[in-house]
Amino acid sequence: MHLPTVLSVVFAAAGVTAQLNDLAVAAGLKYFGTCGSEGNINSDTTYRNILNNKSEFGQLVPENGQKWDATEPSRGQFTYSSGDIVAGVAKQNGQLLRCHTLVWYSQLPSWGNVTVSGGSWNRSTLQSVIETHINNVMGHYKGQCYAWDVVNEAVNDDGTWRPSVFLSTFNTDYFAISFRAAKAADPNTKLYYNDYNLEYNQAKTDRAVELVKIVQAAGAPIDGVGFQGHLIVGSTPSRSALATTLKRFTALGVEVAYTELDIRHSSVPASSSALVTQGNDFANVVGSCLDVAGCVGVTIWGFTDKYSWIPQTFPGQGDALLYNSNFGKKPAWTSVSSVLAAKATNPPPAQTTTLATITTAPPAQTTTTSRPAVSTTSAAAPGGAQQTRWGQCGGIGWSGPTACQSPWTCQVLNPYYSQCL
Ligand code: XIL
């Protein structure tokens with residue numbers, strides 16, 4: 001095990017500040033990633049430079065370029081000019097690519113007077129349309145995608161099946177049809193169901209569990225469930241509640257990931273305390289992934305508030321990402337980097353001694369925002385163990401050291417997470 005070497009490379013390679021993907025990998029995830037906005041990649045150099053930084057983002061996903069309306073604007077006519085933009089950036093930088101998305105009720109094309117969403121299809125004709133679409137698009141990206149979102153957003157928030165041309169034609173049979181076609185088109189990519197508001201563990205989550213079971217019972221392949229993670233500051237579930245929800249899916253034998261994480265303020269501009277709450281919410285989401293063995297990574301839905309889908313979709317709301325509109329790192333960036341660093345520097349007991357020798361500069365504190373109420377403890381942990389800088393030192397469910405090596409003190413970031421800072 002070469003973890004100490006890995007970590008020192010992580011911190012040294014990143015200069016003053018360790019970056020999110022490097023920390024995520026050191027913490028045991030496959031990646032920390034972002035979607036890339038096709039329109040801004042070639043027009044905004046600052047945006048592009050950050051997107052290019054594999055230490056920060058080890059995985060990219062096209063925000064819109066691989067959707068049905070972009071890839072098959074006319075029936076049987078396929079075009080990849082938009083989808084290839086982000087795929088090309090990922091390839092150039094050696095970043096993983098998540099691919100998104102194939103069968104979705106939204107962003108469907110209009111095909112003259114025969115639309116996918118409004119055409120008069122029967123099972124045979126629509127199955128052929130689905131299979132042709134999946135076969136061509138997945139064939140074009142074959143070998144490039146870590147994962148594909150095969151079916152997207154098939155469930156309503158109240159737990160009923162979401163109406164679509166697919167549901168009205170096939171009832172739920174379109175799930176297995178789509179996953180089977182995907183497996184045939186690219187057998188070596190992970191096949192995901194992807195949806196939002198699964199995080200709240202209510203009726204919608206129950207139905208998504210059922211969806212996985214339906215696909216499995218049909219003997220069709222499904223490898224993962226994507227939690228989109230379009231959340232709201234102050235209403236984000238706790239780290240342990242989120243982990244419990246993720247485990248409902250890993251218990252079915254599929255992996256999970258946060259695929260489109262953003263946590264929006266209900267009104268903007270956000271106060272400095274709201275920015276801190278946002279940071280805690282982000283830390284809880286990322287922390288929950290770290291806490292679940294089958295959670296492979298976290299993807300944010302854009303990284304800068306300059307380019308986010310939120311203000312158009314949720315008027316009056318926004319500032320949901322880790323960088324502000326001027327590309328400055330927000331408190332949430334620091335929270336995410338801290339929760340990743342805590343896991344990365346807090347390996348199982350056998351490695352603690354070696355890792356304790358690591359000294360590293362803290363992630364840059366780019367704001368003067370005050371932290372939430374801070375409490376400190378100097379109580380010695382059982383056996384006298386003391387946590388290293390950045391390590392976890394408390395929180396609900398925590399049974400490790402609660403004292404920090406000098407001169408660090410144990411600071412309460414939220415009820416679930418205290419850290420030596
Ligand atoms: C959004 C994009 O961010 C916007 O640019 C576009 O106008 C609409 O779609 N769930 C998904 C994503 O699966 O594809 C959506 O992306 C956001 C919600």
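Report the relative contact order of region 16-373, percent, no decimals, based on alpha-carbon pairs under 8 angstrom and at least 6 residues apart.
Across region 16-373, relative contact order equals 16 percent.
Could you go through region 66-81 in sequence order and give the Karplus-derived ³J(HN,Hα) for each residue, using 6.51 cos²θ - 1.76 cosθ + 1.60 with θ = phi - 60°, rounded to whole Hz, and x for Gly and Pro?
3J(HN,Hα) across region 66-81, in whole Hz: 9, 6, 4, 5, 7, 9, 9, x, 10, 4, x, 10, 10, 9, 10, 4.
I'd like the FRET efficiency for SER124 and ASP69, computed as 1/(1 + (r/R0)^6) with the beta carbon distance as r and R0 of 30 Å, rounded to 0.05.
Once rounded, the FRET efficiency stands at 0.80.
Regarding region 180-278, what is the average projected area of its C-alpha convex hull, in nm²?
7.4 nm²
Can you tell me the FRET efficiency between ARG48 and GLN312 if r is taken as the Cβ-Cβ distance and R0 is 25 Å, rounded to the nearest 0.05?
0.70
What FRET efficiency comes out for the pair SER106/ALA293, r = Cβ-Cβ distance, R0 = 35 Å, nearest 0.05? Please list the in-between numbers first.
Values: r = 32 Å, r/R0 = 0.93.
After rounding to 0.05, the efficiency reads 0.60.
Please give the Cα centre distance for region 277-344 versus region 128-193, rounded to the nearest Å.
If we compute the Cα centre of each part, the gap is 27 Å.
Could you give the length gained by full extension between ASN188 and SER325, i.e. 0.36 nm per residue of separation minus their alpha carbon distance, to one decimal place?
45.5 nm
Do any of LYS247/LYS306; LYS142/LYS343; LYS54/LYS306; LYS30/LYS330; LYS91/LYS329 go past 31 Å between their Cα atoms, and which?
Result: LYS247/LYS306; LYS142/LYS343 exceed 31 Å.
Once the Cα gyration tensor of region 87-161 is diagonalised, what are the square roots of 5 times its eigenvalues, in whole Å and ordered largest first, as equivalent ellipsoid semi-axes?
Those come to 27, 17, 11 Å.
What figure, in Å² to the nearest 10, do you get for the accessible area of LYS190 with a 1.4 Å probe and non-protein molecules left out?
Counting only protein heavy atoms, the figure is 70 Å².
Might you work out the accessible area of ASP291 for me, using a 1.4 Å probe with all protein chains in place, and round it to the nearest 10 Å²?
Its accessible surface works out to 70 Å², give or take rounding.
Computed over the Cα atoms of region 14-134, what is the ratio Rg over Rh, Rh following Kirkwood?
Rg/Rh for region 14-134 comes to 1.11.
Could you quote the convex hull projected area for region 16-373, Cα atoms only and averaged over all directions, in nm²?
Averaging across all directions leaves 18.4 nm² for the Cα convex hull.
With every protein chain left in place and a probe of 1.4 Å, what is the accessible surface of VAL296, to the nearest 10 Å²?
20 Å²
The values are calculated or read from the model by the stated rules, or taken from the named source; none is laboratory data. In this text, all values refer to a predicted model and were calculated from it rather than measured experimentally. All Cβ positions, even for glycine, are placed from backbone atoms using ideal geometry, and neighbour counts span all protein chains on display. The protein model used for the area step is the full one, side chains on, heavy atoms only, and it has no ligands, DNA or RNA in it. Shrake-Rupley method; radii C 1.70, N 1.55, O 1.52, S 1.80 Å.
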